[in-house]
1. Hey, any hits in the stretch 710-720 for a residue that's open to solvent by less than 40 Å² (accessible area, probe 1.4 Å), touching a residue at least 12 places away in the same chain (Cβ under 8 Å) and more than 20 Å from residue 673 (Cβ to Cβ)?
2. Taking the stretch 292-315 as the search range and keeping residues that are in contact with a Gly (Cβ under 9 Å, 6 or more places away or on another chain) and farther than 21 Å from residue 272 by Cα, which one is farthest from ligand 1 (Cβ to nearest atom)?
3. Just to verify a result, which residue in the stretch 250-271, among those that are among the polar types (S, T, N, Q) and more than 14 Å from residue 198 (Cβ to Cβ), is farthest from ligand 2 (Cβ to nearest atom)?
4. In this structure, does residue 373 turn out to be outside the structural domain of residue 299 (by TED's automatic domain parsing), more than 16 Å from ligand 2 (Cβ to nearest atom) and under 25 Å from residue 128 (Cβ atoms)?
5. What pairs can you find where one residue is in the stretch 115-133 and closer than 13 Å to residue 104 by Cβ, the other is near ligand 1 (Cβ under 10 Å from one of its atoms) and open to solvent by 10 Å² or more (accessible area, probe 1.4 Å), and their Cβ atoms are less than 7 Å apart, with a gap of 6+ or different chains?
6. Which numbered condition in (1) open to solvent by 10 Å² or more (accessible area, probe 1.4 Å); (2) in contact with a strand residue (DSSP E or B) (Cβ under 8 Å, 6 or more places away or on another chain); (3) of a type in the set (Phe, Trp, Tyr) is the only one that residue 309 fails?
7. Cβ-Cβ under 6 Å, sequence separation 6+ or interchain: first residue in the stretch 261-278 and more than 13 Å from residue 124 (Cβ to Cβ) and of a type outside the set (S, T, N, Q), partner open to solvent by 10 Å² or more (accessible area, probe 1.4 Å) and more than 8 Å from ligand 1 (Cβ to nearest atom). Which pairs?
8. For the structure I just gave you, tell me whether residue 474 is open to solvent by less than 60 Å² (accessible area, probe 1.4 Å), among the basic types (Lys, Arg), under 21 Å from residue 392 (Cα atoms) and modelled with pLDDT of 95 or more.
Amino acid sequence: MYRNRPPTIHLKDYRPPEFLIDRVELRFELAAETTRVEASLEMRRNPAAVRGDGDLRLDGEQLELEQVALDGRPLPPAEYRIEPEALILHHVPDRFRLETRVRIHPQRNTALEGLYQSGALLCTQCEAEGFRRITYFLDRPDVMARYTTTLVADKGRYPVLLANGNPAGTEDLGGGRHLARWEDPFPKPCYLFALVAGDLHEVADRFTTASGREVALRLYVEPENHDKCDHAMRSLKQAMRWDEERYGREYDLEVYLIVAVSHFNMGAMENKGLNVFNAKYVLARPDTATDQDFLGIEAVIAHEYFHNWTGNRITCRDWFQLSLKEGFTVFRDQEFSADMGARDVKRIADVRTLRARQFPEDAGPLAHPVRPDAYIEINNFYTATVYEKGAELVRMQARLLGPEAFRRATDLYFARHDGQAVTIEDFVRCMEEASGRDLTQFMRWYAQAGTPELTVTDTWDAAGGVYTLTFRQRTVPRANRASLGPLHIPVAVGLLDADGRDLPLRTADDTAEPPSGTRLLELRRDETSYRFVGLRARPVPSLLRGFSAPVKVRYDYSDDDLLFLMAHDSDGFNRWDAAQTLAQRLLLRRVAEPEAQVPAGFIAAFRRALTDADADPALRAEVLTLPSEAHLGEQMAVVDVDGIHRAREGLRHAILAALRSELRAVYEAHRDPGPYASTPAAIGRRALKNLALGYLMQDGDQEAVDLCAAQFDAGANMTDVIAALGLLVDVGGAPAERALDTFYRRWAADPLVLDKWFAVQAASKRPDTLARVEALLGHEAFTLRNPNRLRSLVGVFCSLNPVRFHAADGAGYRFLGDRVLELDPLNPQIASRMLQALARWRRYDPARQALMRAQLERIVAVEELSKDVYEVASKTLGERPA
Ligand code: TRP
Ligand code: ZN
């Protein structure tokens, strides 16, 4: 907690560590109230570092030091100094063994960083800087050491004792205590350290690597969840095989362990050989988890597994390089999911996320480059920019290189940097060397915040048969920075003839036959023109196919062009994007003029998309989903909260009025034929069916409510049940209350399912939602101490329910301010994330701005604020911290 302004850390100040740690021996005497940690560190001066004052400064927070010894000699207090965040030893030799003994208190740890208690388990979370809450250490990723971990605990309470690496023996110590030893042969930074202790159910499987080594796979869950592990285990084996096939990467330890815990700040953590997961990303059964949950598990299991190479074997030199591991690993998990499921649907989902979360971040007060150059609290930089935009940067490089060169480049990266802590330059240099391409200009993507805008104009020379496309790029620099100059942007383009077929994209200086279909243009200047020759008629351009770069494209399509692309583009992503653009246009028009007609062409296109039995149901559902209220708000200079809501509800109403019988037929035709399957086809059918049900419920008429209630009562699977429950809650009244009650009684003992019960109420578009959410704060099942529960209620209301959160009286803002201040002393990471719901405050009308600003000011005025919340609140207000 900081009274004063906390310091800013700058990338330019990076210095190699003055000391290195080669070996670490840790011994834990575990207990929930007080745990004793003994650390023995083999240390030496770093020959590659500039010699400092000779002092050794170890990071440590909230540690109670019992003893410190140097080369076996206990040190008297005169030979060291304890600060709130450090232990400083004066004049150490060039090579020595440092031993410390500290006490820590897992049960009192509500921040869920370091060693903490979750239910009856003890577990750790060390990334980014949690290890310093376990023992005194050089807590930075460029200090890599080999670890041996010994765990001692009560055998009844903690029968399972896990740590990183390979098991190295157990002992019964008598008196109800036991011990387990673990050895990790791979040097690692301390943020990858983990231990878990508890009474866990074990699910065992095995995997034979491509080179024939046997790996024991183990999933550990709380005993009541023993029957929810199949999907996670299957996903793990698929990820292991995929990484061998696609990247030539094998697993490297005898065991791979995954533990599911109920209290977790984020999704999951890639600790070496011992991943710790938010239970939400492990546990699934058709009756408890939705299709989206199944897909989320597959992606996160893969993500953490892929980190074994991209993050663990090769790690980050410093936290500014975070996207080195996160961007690359997200790209890897996205491609894995695309291969396992439906590629176009996956790409649409990923771009939706990017546009919904990263674009606003990049345009607001918390904008930062994919490689930030300054931070106050690194936990605030696990962002959509570092993760999702970072993944797009790797995707662009993969596309620029092509599959063969990209594989050579990643092979080179793994071979050259194995065992090292490296930078983004090191990664990009491998891309360059393996391909012979110059990516100097491309590097600007990592340093420039803000979403580039690409304005496209065209001309048609009928006599010459020449079609010219001109691209002008512009990036509004963010975060007080000057522009770095034009970016290197790969733009995939197609040209369609009048029948909707792809034309060859031939330029005058092509020597070889040009591709028919998609051509990758590489923009490098502020303005670039391409002349396509040999055309008979003016084509319709299909721009940025597959979303080949994270930019906003401005091209003056007519509504007819968009309808045409929606129907004919060979690129599935752009068919969807054309529909989105069309709907967005219509919606924004209706915000300005609520009585504006819905054009017949729009309804006809929707009818076609809805009833086109040849098209993939999943893609049909995507096309028929209107842009979100938040997305529409981002397109307006001043967000018209109520106008957007009215326009969107009105259009949904018009769609229902025009297509009621078609919607009903689609609903009937896509009812589940048999037992639940999480295959792409079955998921797509359910998505389309529930989309149709959503439109049918738009007016809340009795027939629809009965249909919806019947789906809820049938209880076929959680996807269908929760879809029906959400729709019933939006309509309200007795059917909603009855369903909520039934659901609660059925699932009161399953926390992850109960989270959904909170979330559907927080997401409701009913006008009294805030009152309901406030009442739910007092519900016996609500607690601020479980991040999943908190996100389900407070997070969903503040971030996913714009019309109710942004109520004109400011009650939503006050509610958020109260929650942030209540939560900050308990869990600053989560408090800071919740506060980001106010990031776009300057985009609203003056009255709302004032109300939001008042909450931000109220927060920064608090004396003892975490670094996390201080950084977000002050930057959001626009105060520039030094
Ligand atoms: N490295 C983790 C991942 O992306 C994320 C992570 C960072 C995290 N800090 C955390 C997870 C704190 C939980 C808690 O996979
Ligand atoms: Zn990650």
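1. no
2. So, considering only residues that are in contact with a Gly (Cβ under 9 Å, 6 or more places away or on another chain) and farther than 21 Å from residue 272 by Cα, the one farthest from ligand 1 (Cβ to nearest atom) is 295.
3. Out of the qualifying residues, it is 265.
4. So residue 373 fits the description; yes.
5. From the stretch 115-133, the pairs are 130/113; 133/113.
6. (2)
7. 267/281; 268/281
8. It is false that residue 474 is open to solvent by less than 60 Å² (accessible area, probe 1.4 Å), among the basic types (Lys, Arg), under 21 Å from residue 392 (Cα atoms) and modelled with pLDDT of 95 or more.
The values are calculated or read from the model by the stated rules, or taken from the named source; none is laboratory data. Bear in mind the structure is a predicted one, so any value in this text is a computation, not a measurement. Heads up, the Cβs are rebuilt from the backbone with ideal geometry, glycines too, and the neighbour counts pull from every protein chain shown. Heavy atoms of the whole protein, side chains included, go into the accessibility calculation; ligands, DNA and RNA do not. Shrake-Rupley method; radii C 1.70, N 1.55, O 1.52, S 1.80 Å.
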